[in-house]
Amino acid sequence: MRVLVTGSSGLIGSNIIRILNRKFDFLGLDIIKNKDLPNLDTIIDNALNIKDVISKIDYVDAILHLAANAPVTTPWEKALKNNIIVTHNIFEAAKINGITKVVFASSNHVVGNFEFVHPYSDIINGNYNQLSPGSYKLIDHTVPIRPDSQYGISKAFGEASGRYYHEHFGLDVTCLRIGTFNTANKPTDIRSFSTWVSHRDLSNMIELSLKNSENFNIFYGVSDNTWKIWDIEHAKNTLNYSPKDNAELYRNE
Ligand SMILES: NC(=O)c1ccc[n+]([C@@H]2O[C@H](COP(=O)([O-])OP(=O)(O)OC[C@H]3O[C@@H](n4cnc5c(N)ncnc54)[C@H](O)[C@@H]3O)[C@@H](O)[C@H]2O)c1
């Protein structure tokens, strides 16, 4: 399966491509070269130009769309250009070129405002007193969107676009509301004891998303953390997601 990965030189792209290298035929697309994967076949271009870029590629079975301004603090002008317009162009290019599968890197920040509501606010801040894991309702894929930032709005736009292109043009679209994926590959602050996703768990979710024909769906990209606030049962039941990691194992480090 030939997969075009936008944002292939970034943190998630580099790690996922390395882990899943033997399972997919990856083609990268980024504005910068990937220093860690010098042998990766990569188109150096702006994903804004995806329609021109893709017409010159022999064939692609699926797109893993990671390219974006990733910080939650991304200002509106950049979110508009690099997240909203780029993502729209990706779906449009997929439609025009008959690429039926798109996996979109959405974000937990689409529902980030739940983190101001009890009990999630306490858990995110590490105040676990009078709470026990499993005793509170997890935030699942059916809750209303509650973006916490311009960045969150831009990712909600991507999800809405995905649903539109699925319902009107039949694309298979999987939106992953990714938690905290970091270089250290372990929780590094209090919040990430809830939100962390390990490299191998997100790889598992992306592999399954690329192979699955799920029509349109939204999953939370988070490990099986004791204090998670987002649901993973939907991903387990629908995708066969099988997370191996739990942030709690790092609590005493
Ligand atoms: N890392 C996380 O914890 C996390 C959490 C939630 C969602 N995400 C999402 O996952 C995706 C990847 O995140 P990351 O942490 O690897 O970010 P990153 O910043 O490390 O990588 C993003 C890559 O996209 C490239 N890029 C940006 N705009 C581009 C454009 N217009 N054309 C071509 N390439 C472009 C950058 O050069 C960079 O290599 C992003 O969409 C981000 O919003 C990440």
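Of note:
- Within the stretch 210-226, the set of residues being farther than 30 Å from V60 by Cα and either free of Cβ contacts under 8 Å to residues at least 60 places away in the same chain or buried (at least 23 other Cβ atoms within 10 Å of the Cβ) (or both) comprises D224, N225.
- Within the stretch 105-122, being within 16 Å of the ligand (Cβ to nearest atom) and surrounded by fewer than 17 Cβ atoms within 10 Å (Cβ to Cβ) holds for one residue alone: N113.
- Search result, residues across the stretch 126-182 that are closer than 22 Å to D61 by Cα and β-branched (V, I, T): V173, T174
- Among the residues of the stretch 181-191, those identified as surrounded by fewer than 22 Cβ atoms within 10 Å (Cβ to Cβ) and touching a residue at least 12 places away in the same chain (Cβ under 8 Å) are N182, T183, N185, K186, I190, R191.
- Filter pass, K244 being basic (K, R), away from the ligand (no atom under 13 Å from the Cβ) and under 16 Å from the mean Cα position of the chain (by Cα): no
- Residue match in the stretch 69-83 (condition: over 22 Å from G221 (Cβ atoms) and in a loop (DSSP other than H, G, I, E, B)): yes
- Pair list, Cβ < 7 Å and 6+ apart or interchain, from the stretch 65-93 residues that are touching a residue at least 12 places away in the same chain (Cβ under 8 Å) and under 16 Å from I153 (Cα atoms) to residues that are part of a loop (DSSP other than H, G, I, E, B) and more than 9 Å from the ligand (Cβ to nearest atom): V72/S149
- Exclusive hit being assigned to a loop (DSSP other than H, G, I, E, B), in contact with a strand residue (DSSP E or B) (Cβ under 8 Å, 6 or more places away or on another chain) and in contact (Cβ under 8 Å) with a residue 24 or more places away in the chain, set I32, I99: I99
- Residue in the stretch 194-213 that is in contact with a strand residue (DSSP E or B) (Cβ under 6 Å, 6 or more places away or on another chain), in a loop (DSSP other than H, G, I, E, B) and more than 20 Å from V72 (Cβ to Cβ) present: yes
- Subset of the stretch 1-23 (residues that are within 11 Å of the ligand (Cβ to nearest atom) and not in a helix (DSSP H, G or I)): V5, T6, G7, S8, S9, G10
Computed from the coordinates by the stated procedures, all read-outs in this text should not be read as laboratory data. Small disclaimer: the values here were computed from a predicted structure and weren't measured. FYI the Cβ positions are ideal-geometry reconstructions off the backbone, even for glycines, and counts take in every protein chain you see.
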